[in-house]
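Heads up: the structure comes next, in structure tokens.
The values are calculated or read from the model by the stated rules, or taken from the named source; none is laboratory data. These figures come from a predicted structure and were not determined experimentally. Using ideal geometry, Cβ is built from the backbone for each residue, glycine included, and neighbour counts are taken over all protein chains shown.
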Amino acid sequence: MITKIRIRGYRIYKDFTLSPNAKLNILVGDNDAGKSTLMEAISLGLNGRIGGRGVMDELNPYWFNTELVEEFVELRKAGKKPALPEILIELYLNDHAELQVLCGAVNTDVPTNACPGVFLRIFPNHEYQDMLDEWLRRHCINSQPPPPLAH
């Protein structure tokens, strides 16, 4: 069972954490409240797929939280060098024997939580640096392109 969900930078979720109930969870909310987005994020975290297709086939700019992107652009226009927006989906799982193969301490909990889990992180790829530089020139008028991304 999933014991904790953390979503950062994905669609409407700027930084969201949920600790589901161990027995029953019901998602209720208005249209565009994030119910489907939460389910998408869980699916992406568990199997790297959305709508039956792999993340690499479906990735698009609309996945990134617009507020974080706007903050990034404003900071760049102000001459600052913020990190490019990223998406992080972390799923923490029950500490069962059969899940020990997924046990690790690569998560954002502080202090680090050594537990079974999975995560999906979407971040800029240095192979597309030219396209990133062009996007920055078009959207961040008063800024210089960032240095090349590290491997």
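Points worth noting:
- Of the residues making up region 104-123, just one is under 12 Å from R8 (Cα atoms) and polar (S, T, N, Q), namely T108.
- Here P20 meets the list (1) within 18 Å of L91 (Cα to Cα); (2) free of Cβ contacts under 8 Å to residues at least 40 places away in the same chain; (3) loosely packed, with under 13 Cβ neighbours inside 10 Å; (4) over 14 Å from the mean Cα position of the chain (by Cα) almost entirely, failing just condition (3).
- Taking region 20-41 as the range and being closer than 20 Å to R121 by Cα and assigned to a loop (DSSP other than H, G, I, E, B) as the test, only G34 passes.
- Region 77-96: number of residues that are loosely packed, with under 14 Cβ neighbours inside 10 Å and under 18 Å from T17 (Cβ atoms): 1
- Top-ranked residue in region 112-151 [being at pLDDT below 85 and of a type in the set (G, A, S); ranked as farthest from E71 (Cα to Cα)]: A150
- Hey, L99 touching a strand residue (DSSP E or B) at 6+ places or on another chain (Cβ under 8 Å), surrounded by 13 or more Cβ atoms within 10 Å (Cβ to Cβ), on the phi < 0 side of the Ramachandran plot and modelled with pLDDT of 90 or more or not: no
- E74 vs. criteria without any contact (Cβ under 8 Å) to a residue 60 or more places away in the chain, exposed (fewer than 14 other Cβ atoms within 10 Å of the Cβ), under 30 Å from C140 (Cα atoms) and touching a strand residue (DSSP E or B) at 6+ places or on another chain (Cβ under 9 Å): no
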